[in-house]
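Chemist: The structure's right below; bear with me while I get my questions together.
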């Protein structure tokens, strides 16, 4: 089975490559990303194509890697916990399940998040907070852009019932565990071997 993965060098893509590495029978995996990673595990199992999906002409550049694909897993800009998502994606591919699947753990409320980081919850108008983020970002006081802030504020909460019923999937990690791991990783400045994204 030929599987094309966009964003294959990212967090979730890397998790999917690890999950597919042990698949039987083996899949032909094609990775698509801006900057292919070094040929170390798990990246060495894929054939790579360097394509910037936001660039003009990206559609034409995708013709070759997409040719003859049995499945396309679109993970470019996917921001999710890698292990659980990779497990769900591997199940979709192994079962050749059709349709759309929402993958995620239970929502984490603002009060729960405040408790997790040891902070007091303060409610602010969204417009005021967006303005503060823009100013702090412009002054290089905050390592987040206004675009990332908008993305964070506009994330919908989706049900995962279809994935559970069709794939037999459920998250192995709680949202609290995932957020704690993310915060620890940021605090410890840990990174993997995939290329770092830089704004143009």
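Chemist: Given (1) in a loop (DSSP other than H, G, I, E, B); (2) surrounded by fewer than 12 Cβ atoms within 10 Å (Cβ to Cβ), identify the lone condition not met by residue 59.
Modeler: (1)
Chemist: Find the residue count for the range 79-102, including only residues that are part of a loop (DSSP other than H, G, I, E, B) and under 17 Å from residue 7 (Cα atoms).
Modeler: So the first thing to find is which residues in the range 79-102 are part of a loop (DSSP other than H, G, I, E, B), and the list is 79-81, 96-102.
Checking the rest, the ones that are also under 17 Å from residue 7 (Cα atoms) come to 79-81.
Here the count works out to 3.
Chemist: I would also like to ask the following. In contact (Cβ under 8 Å) with a residue 12 or more places away in the chain and in the same structural domain as residue 29 (by TED's automatic domain parsing): does that describe residue 90?
Modeler: Values: in contact (Cβ under 8 Å) with a residue 12 or more places away in the chain: yes; in the same structural domain as residue 29 (by TED's automatic domain parsing): yes.
Judged against the criteria, residue 90 is a match.
Chemist: Further question on the same structure: Evaluate the range 140-161: report whether one residue or more is surrounded by 12 or more Cβ atoms within 10 Å (Cβ to Cβ), under 23 Å from the mean Cα position of the chain (by Cα), at pLDDT 85 or above and closer than 21 Å to residue 89 by Cβ.
Modeler: yes
Chemist: Could you tell me which of the residues 8, 76, 69 is closer than 27 Å to residue 161 by Cα, modelled with pLDDT of 90 or more and part of a loop (DSSP other than H, G, I, E, B)?
Modeler: 8
Chemist: Quick one: which helices (runs of 4 or more DSSP H) sit completely within the range 105-193 and have at least 2 residues that are touching a residue at least 40 places away in the same chain (Cβ under 8 Å)? Full working, then the answer.
Modeler: Values: elements: 110-116, 126-138, 146-153, 161-167, 175-188.
It comes to 110-116, 161-167, 175-188.
Chemist: Let me ask you something else. Given the options 72, 122, 51, name the one that is surrounded by 14 or more Cβ atoms within 10 Å (Cβ to Cβ) and farther than 30 Å from residue 172 by Cβ. Talk me through it step by step, then tell me what you get.
Modeler: Numbers: 72 fails: farther than 30 Å from residue 172 by Cβ; 122 fails: surrounded by 14 or more Cβ atoms within 10 Å (Cβ to Cβ).
Result: 51 is the single residue among 72, 122, 51 that is surrounded by 14 or more Cβ atoms within 10 Å (Cβ to Cβ) and farther than 30 Å from residue 172 by Cβ.
The values are calculated or read from the model by the stated rules, or taken from the named source; none is laboratory data. Since we're looking at a predicted model, the values are computed, not measured. Ideal geometry is used to build each Cβ from the backbone, glycine not excepted, and the neighbour counts take in all protein chains shown.
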